[in-house]
1. Those residues that are loosely packed, with under 14 Cβ neighbours inside 10 Å and either at pLDDT 95 or above or touching a His at 6+ places or on another chain (Cβ under 6 Å) (or both), I need them from segment 24-42; list them, please.
2. Got a sec? Which strands (runs of 3 or more DSSP E) wholly within segment 1-108 have at least 2 residues that are touching a strand residue (DSSP E or B) at 6+ places or on another chain (Cβ under 6 Å) and farther than 28 Å from Leu129 by Cβ?
3. Say whether the condition of being in contact with an Asp or Glu (Cβ under 6 Å, 6 or more places away or on another chain) and under 23 Å from Pro21 (Cβ atoms) is met by at least one residue in segment 101-115.
4. Looking at Ala28, Ala60, which one is farther than 23 Å from Leu122 by Cα, in contact (Cβ under 8 Å) with a residue 24 or more places away in the chain and of a type in the set (Gly, Ala, Ser)?
5. Mind listing just one residue for me: the one in segment 140-161 that is hydroxyl-bearing (Ser, Thr, Tyr) and not in a loop (DSSP other than H, G, I, E, B) and, of those, modelled with the lowest pLDDT?
6. Under 30 Å from Asp146 (Cβ atoms), surrounded by 14 or more Cβ atoms within 10 Å (Cβ to Cβ), touching a residue at least 12 places away in the same chain (Cβ under 8 Å) and touching a His at 6+ places or on another chain (Cβ under 8 Å) - does that describe any residue in segment 78-87?
7. Can you tell me which of (1) over 30 Å from Arg44 (Cα atoms); (2) surrounded by 15 or more Cβ atoms within 10 Å (Cβ to Cβ); (3) in contact with a helix residue (DSSP H, G or I) (Cβ under 8 Å, 6 or more places away or on another chain) is the one Phe123 doesn't meet?
8. Picking from Tyr136, Tyr111, which residue would you name as being out of contact with any strand residue (DSSP E or B) (no Cβ under 9 Å at 6 or more places or on another chain) and not hydrophobic (A, V, I, L, M, F, W, C)?
Amino acid sequence: MSPETLDQLEATMAARFPELPREKLADALIVRVQPERLVETMTRLRDDPELDFKMMIDLAGVHYPEREQPLEVVYQLLSVYKNHRLRVKVAIGEGVAVPSVIPVWSCADWYEREAYDLLGILFSGHPDLRRILNDYDFDGHPLRKDFPVTGRYEVRYDETLGRIVREPVALERANREPYRHTL
């Protein structure tokens, strides 16, 4: 996005949403929204002819364990006709649900399920919030920064038992005690 387009978008956002904190980067404008105002704000961003954000390009979850509100949902919006891009961020605490934006953009369905599965972010009002990439009995959320890199379990086929077995990970590391995950 050109600097002029970015300046114009920032001015429009300041006029339409003076209450939203804004952050201007070299190539993007970021606004922060409270979870309780998310659906209303997204609807206004989509329906306002001056903004015209008809497309939600992406939704991603981020985990910042050191923050007071460790989870963040980031929405990437696009206005094709205005050639504007906007990043909307919602910070939440552990176990706090973000309202689903499926009523605004139906494409959010799988993105929200992915954020739930991989990071444990809850979405209130989602019609089918269940795992999408991991097994239903998978323990934890693998994209969290505190999730062990090796995982917690090893799944393998045991020929003596003639079935698949699930065992805690036991890695031998040179010059160290073996790592054994315990629940």
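1. Once the filter is applied, which keeps residues that are loosely packed, with under 14 Cβ neighbours inside 10 Å and either at pLDDT 95 or above or touching a His at 6+ places or on another chain (Cβ under 6 Å) (or both), segment 24-42 yields Gln34, Glu36, Glu40.
2. 22-24
3. No: zero hits.
4. One residue alone meets the criteria, Ala28.
5. Tyr153
6. no
7. (1)
8. The match here is Tyr136.
The values are calculated or read from the model by the stated rules, or taken from the named source; none is laboratory data. Owing to the predicted nature of the structure, the values given are computational and were not obtained by experimental measurement. Cβ atoms come from the backbone with ideal geometry, glycine included; neighbour counts cover every protein chain shown.
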